[in-house]
Amino acid sequence: MFAFIISRILQAVPVMLTVALISFAMFAYVGDPVAIMLGQDFTEAQRDQLVRDLGLDQPFWVQFATFIGHAAQGEFGLSYRLSRPVAELIAERAPATLELAFTAAALALLIGVPMGVYTGLYRHSWLSRFFLTFSLIGVSLPTFLIGILLILVFAVWLGWLPSFGRGDTVNLGWWTTGFLTVSGLKALVLPAITLGLFQLTLIMRLVRAEMMEVLRTDYIKFARARGLPNRVVHFGHALKNTLVPVITIVGLQLGAIIAFAIVTETVFQWPGMGLLFIQSVGAADIPVMSAYLMLIALVFVTINLIVDLLYYAVDPRLRIGRGKGGH
Amino acid sequence: MRKLLLAAALALGLGAGWAEARTVRWAASGDPNTMDPHSQNVGTVTMVLQQIYDTLIARDQELGLAPGLATRWEQVEPTRWRFWLRDGVKFHEGQAFTADDVVFSVTRAQQPTSNYAIYVDTIERSVQVEPLVVDVITRVPDPILPNKIASLMIMSRSWSEAHNSTRPQNTRNREEMYTTRNTNGTGAFRLQSREPDVRTVMVRNTDWWGWNEPSSREANVTEIIYRPISSDATRIAALLSGEVDFVLDPPLQDLNRLRAAPNIKVVEGPEVRTIFLAMDVHRDELLYSDVRGRNPLKDLRVRQALYQAIDIQAIHRTTMRGQSVVTGTFFPPQVNGYSREEDVRLPYDQARARALLAEAGYPNGFEITLDCPNNRYINDEQICQAIVAMWARVGVRARLNAMPLAPFFAKIQRDDTSIYLLGWGVPTLDALYSFQSLLRSRDGGQGNGIWNYGRYSNPRMDQLIEIMTNQSGAPRDAAIREALRIYREDIPHIPLHHQMIPWAMRSNLTIPHMANNQPYFRWARMN
């Protein structure tokens, strides 16, 4: 077990380095931070001085090595745009993104699974058809469009929910939460639906397919033959066996939700990490962009590791394989 | 007696205006990068900080000069300007305002880490004459010093020293400065809280000296909540749904919808920003063209052909939906030195353009790449698309290279362009600023030709700009006139239009529209 974790962590190192390298190389194309920092008036001398101060006159590999060296110590420098430590900026924004992502994931799970079970069990009911049609919307409409439609209906026409921002937040130490205020909860509704809709439909379709698969298997027939009530068969036997792939997908999708909250956050001016990233792209704020990409890579790597560990715990075959000395 | 009347007026003013809380919720696309008043010279920073900090000389609603922290000023010698300061002014944290704070602020803005150096570039030093009289000594006679000083925000020396912020914030240090998130001005509003990119709250400074000025007597805003909303659609939705009272930058395509909406009004006015095309007139061969061995843009006839091929009225009507002021020069009437007679366009004439191209030896036109930002100016990319189509009709095959502002500016600042679209604002409201940055030969002098990426160079133009720099009165005016005529005849740029800026707000808000695109809430009224 321990050796397994170590090996996975060692495997993660080159992944992180590759992400760092690619993102770093990419920044050569996003523009010149110097031009943005200097504004409209400057002299050539000021410009050269700034280039030197930022270390941009160094060769690429030197810049990259410096960056990695600092990054390894959690030191990402100062944002060019906001003149504040990058780590602090990201730490400030992380609660907003994480609360949004977890709410969206919870929403997707709590609505998606029952819908999937229902459509799997009653394939021909009109409600199932409605759910399936509805899920097509979730799969096919781009996030920003869903967001804007929701804003139009619920903020502009009906005036029920705010169109942007996070509402009032409460500070719990360094964590700011919107869960404890009415305006915070109201502000969460539209972005969470926007962000979670795709996952919701994905989970629903996955559960549905798995349910239909499992319901055809022998042990369900045997369970019915034993005279177990439908409820026990459906939820005790069938659903339980569909959940393994669902949990895997949800885990992996959580990473995607965090990473791709960018669009939702931009549409709703949600003050999270994705919005910070987009604003940094506009200003060629390389320290923030690289730190963000590294963080997202880290999130994916960590989630993959956890999923692997879950497999390890759930699937006895893996353990046996290990016991025999590798596969 | 006068004092009594004043007190009565004050009491009345307080009673009428400020008895109830009047909050303006304001949104625009970008958030200020910093709260340091001498660091970043960009509109998003100034629009917030000018609510908080005062300048020695203020701007009135027509952008003219008005008394600010200085009640009067005078050029006592050619190189010495004297300012008499307002008595009894206090900073938000209680420090008394004196001449020493002015001396400090000038020095601070002159630091290499300041982006405001252009406003203090001619200043040698400033000295306190009396506690409320300060002299500013310039290296050369500077006729437009008051215009520049009007952009210099005044900080408290003792406060800055106490917080270790005697230099403008420096991104190169690895530390955050106190002034990045804290302010202490003398202005009409004080900063109450700030969460970057989320919310900036300012509250009325009841002790502000200006509340009894005629322009502010009706003003009743007690609180300003600024929230950036970067998505256009969301910003407009927030205005329509009543979550926001004032939007500084509504997108053009939504204006008709906003005008039709109940309780919303759109106020339009000109902006001091001119959009034009600038060209590489320096290289012997263009970087991005199929013409080899020569530079077609060095030929006046070709520049004129490209100019006359543009149907500016069509751009005005269709691309800009009427929200532009067509021009034949490169700064608008609000700028000192503007001349109506020199603001004449070459007529739109495709046949003439084709003839000129043929005459210049390009009967079949040529190929060229037009660099264009796509998120900097109003409809910038669409303007370029229209121009590409218009040029195609006279045989010039332009490839449009539209980019976000960050890579765009990086590219043109390397002189890596053949022709590009640029918009130019004039914060000093004096012609020199535009001439010096855009048309002067790039000779290494401070500010000379720093935005002249086509590397236009004309010795006579340089001479005239030198006169504008050093002289005042009639010779200076004559120099500007002549330079404008050269601009018209020599075509270093193809001028297009001055931008118009619409502001959208709820109908119960009244605020004067300003050509510098800055809302002054000291003049605003909420009903």
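Considering each residue of region B:398-412 in turn, none proves to be in contact with a helix residue (DSSP H, G or I) (Cβ under 8 Å, 6 or more places away or on another chain), in contact (Cβ under 8 Å) with a residue 40 or more places away in the chain and open to solvent by less than 30 Å² (accessible area, probe 1.4 Å). The single condition among (1) outside any helix (DSSP H, G or I); (2) modelled with pLDDT of 80 or more that A:Leu10 does not meet is (1). For region B:364-392, a residue qualifies if it is at positive phi and modelled with pLDDT of 95 or more, but none of them does. Number of residues in region A:179-192 that are out of contact with any Asp or Glu (no Cβ under 6 Å at 6 or more places or on another chain) and either under 19 Å from A:Leu276 (Cβ atoms) or open to solvent by less than 10 Å² (accessible area, probe 1.4 Å) (or both): the value is 5. List pairs: first in region B:159-184 and at the interface with chain A (Cβ under 7 Å from one of its Cβ atoms) and within 18 Å of B:Met202 (Cβ to Cβ), second modelled with pLDDT under 90 and open to solvent by less than 60 Å² (accessible area, probe 1.4 Å), Cβ under 6 Å, 6+ apart or cross-chain? Every condition considered, the pairs that remain are B:Thr180/A:Ser83; B:Thr180/B:Thr34; B:Thr180/B:Gln169.
Name the residue that is nearest to A:Leu141 (Cα to Cα), counting only residues in region A:196-239 that are of a type in the set (Ser, Thr, Tyr) and more than 24 Å from the chain's Cα centre (by Cα).
Of all residues in region A:196-239, those of a type in the set (Ser, Thr, Tyr) come to A:201, A:217, A:219.
Narrowing the set further to residues that are more than 24 Å from the chain's Cα centre (by Cα) leaves A:217, A:219.
On the way: A:Thr217: 35, A:Tyr219: 39 Å.
For region A:196-239, the residue satisfying everything is A:Thr217.
Count of region B:440-466 residues, restricted to those that are surrounded by fewer than 16 Cβ atoms within 10 Å (Cβ to Cβ) and more than 14 Å from chain A (Cβ to nearest Cβ), is 4. Taking A:Arg216 as the residue in question, decide whether it is farther than 17 Å from A:Thr119 by Cβ and out of contact with any Pro (no Cβ under 9 Å at 6 or more places or on another chain). It is false that A:Arg216 is farther than 17 Å from A:Thr119 by Cβ and out of contact with any Pro (no Cβ under 9 Å at 6 or more places or on another chain).
Listed here are the residues, each with its yes/no results for (1) open to solvent by 20 Å² or more (accessible area, probe 1.4 Å); (2) under 28 Å from A:Leu132 (Cβ atoms).
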residue	(1), (2)
A:Thr201	no, yes
A:Ala209	yes, yes
A:Lys221	yes, yes
A:Leu228	yes, no
A:Gln269	no, no
A:Gln279	yes, no
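Of the residues making up region A:142-179, those that are without any contact (Cβ under 8 Å) to a residue 40 or more places away in the chain and away from chain B (no Cβ under 14 Å) are A:Leu172, A:Gly173. The conditions are (1) within 10 Å of chain B (Cβ to nearest Cβ); (2) over 30 Å from A:Ala72 (Cα atoms); (3) in contact (Cβ under 8 Å) with a residue 12 or more places away in the chain; (4) of a type outside the set (S, T, N, Q), and A:Ala96 fails exactly one of them. Which is it? Going through the list (1) within 10 Å of chain B (Cβ to nearest Cβ); (2) over 30 Å from A:Ala72 (Cα atoms); (3) in contact (Cβ under 8 Å) with a residue 12 or more places away in the chain; (4) of a type outside the set (S, T, N, Q), A:Ala96 breaks only (2).
For region B:468-481, what are the residues that are in a helix (DSSP H, G or I) and open to solvent by 50 Å² or more (accessible area, probe 1.4 Å)? Write out each step before concluding.
We begin by selecting, within region B:468-481, every residue in a helix (DSSP H, G or I); these are B:468-470, B:474-481.
The answer is B:Asn470, B:Ala474, B:Pro475, B:Asp477, B:Ala478, B:Arg481.
Scanning region B:300-315 for residues that are open to solvent by 40 Å² or more (accessible area, probe 1.4 Å) and either among the hydrophobic types (A, V, I, L, M, F, W, C) or modelled with pLDDT under 95 (or both) yields one hit, B:Leu300. When the test is whether a residue is away from chain A (no Cβ under 14 Å), free of Cβ contacts under 8 Å to residues at least 24 places away in the same chain, surrounded by fewer than 18 Cβ atoms within 10 Å (Cβ to Cβ) and under 33 Å from the mean Cα position of the chain (by Cα), B:Ala389 passes it. You will find that of B:Val326, B:Val388, the residue that is within 27 Å of B:Asn458 (Cα to Cα) and in the same structural domain as B:Gly423 (by TED's automatic domain parsing) is B:Val326 and no other. Determine if region B:263-278 includes at least one residue that is over 26 Å from B:Ile378 (Cβ atoms), open to solvent by 10 Å² or more (accessible area, probe 1.4 Å) and touching a residue at least 60 places away in the same chain (Cβ under 8 Å). The answer is no; no qualifying residue exists. Evaluate region A:240-249: report whether one residue or more is crowded, with 17+ Cβ neighbours inside 10 Å, on the phi > 0 side of the Ramachandran plot, more than 14 Å from the chain's Cα centre (by Cα) and among the hydrophobic types (A, V, I, L, M, F, W, C). Taking every residue of region A:240-249 in turn, none turns out to be crowded, with 17+ Cβ neighbours inside 10 Å, on the phi > 0 side of the Ramachandran plot, more than 14 Å from the chain's Cα centre (by Cα) and among the hydrophobic types (A, V, I, L, M, F, W, C). For region A:89-103, the criterion of being of a type outside the set (Val, Ile, Thr), assigned by TED's automatic domain parsing to the domain that holds A:Arg231, farther than 30 Å from B:Arg181 by Cβ and within 16 Å of the chain's Cα centre (by Cα) is satisfied by no residue at all. Annotation note: of B:Arg204, B:Arg217, the sole residue that is away from every other protein chain (no Cβ under 14 Å), open to solvent by 10 Å² or more (accessible area, probe 1.4 Å) and in contact with a Ser or Thr (Cβ under 6 Å, 6 or more places away or on another chain) is B:Arg204. Residues of region B:220-240 that are away from chain A (no Cβ under 14 Å) and among the β-branched types (Val, Ile, Thr): B:Val221, B:Thr222, B:Ile224.
Residue pairs whose Cβ atoms lie under 8 Å apart, sitting 6 or more positions apart in sequence or on different chains, and linking a residue in region B:95-119 that is over 20 Å from B:Ala162 (Cα atoms) to a partner that is of a type in the set (D, E, K, R), are B:Asn115/A:Asp41; B:Ala117/A:Asp41; B:Ile118/A:Asp41; B:Ile118/B:Lys148; B:Tyr119/B:Lys148.
In the list A:Gly138, A:Gly112, which residue meets the criterion of being within 30 Å of B:Ala238 (Cα to Cα) and open to solvent by less than 20 Å² (accessible area, probe 1.4 Å)? Show your work before the answer.
Working: A:Gly112 fails: within 30 Å of B:Ala238 (Cα to Cα).
After applying the criteria, what remains is A:Gly138.
Across region A:44-87, the qualifying residues are those that are open to solvent by 70 Å² or more (accessible area, probe 1.4 Å) and at the interface with chain B (Cβ under 8 Å from one of its Cβ atoms), and the one among them that is farthest from the chain's Cα centre (by Cα) is A:Glu44.
Quick check, is A:Leu107 modelled with pLDDT of 80 or more, closer than 30 Å to A:Ile193 by Cβ and away from chain B (no Cβ under 14 Å)? Yes, satisfied. The number of residues in region B:234-257 being open to solvent by less than 10 Å² (accessible area, probe 1.4 Å) and among the acidic types (Asp, Glu) comes to 1.
Is it fair to say A:Leu195 is of a type outside the set (Ser, Thr, Tyr), open to solvent by less than 60 Å² (accessible area, probe 1.4 Å) and closer than 17 Å to A:Leu110 by Cα?
On the way: of a type outside the set (Ser, Thr, Tyr): yes; open to solvent by less than 60 Å² (accessible area, probe 1.4 Å): yes; closer than 17 Å to A:Leu110 by Cα: yes.
It is true that A:Leu195 is of a type outside the set (Ser, Thr, Tyr), open to solvent by less than 60 Å² (accessible area, probe 1.4 Å) and closer than 17 Å to A:Leu110 by Cα.
Against the test of being farther than 20 Å from A:Ser290 by Cα and in contact with a Phe, Trp or Tyr (Cβ under 8 Å, 6 or more places away or on another chain), the options A:Phe134, A:Phe67, A:Phe154, A:Phe130 yield a single qualifying residue, A:Phe154.
The values are calculated or read from the model by the stated rules, or taken from the named source; none is laboratory data. Remember, predicted model here, so these are calculated numbers, not experimental data. Using ideal geometry, Cβ is built from the backbone for each residue, glycine included, and neighbour counts are taken over all protein chains shown. Areas reflect the complete protein model, heavy atoms only, side chains present, ligands, DNA and RNA absent. Shrake-Rupley method; radii C 1.70, N 1.55, O 1.52, S 1.80 Å.
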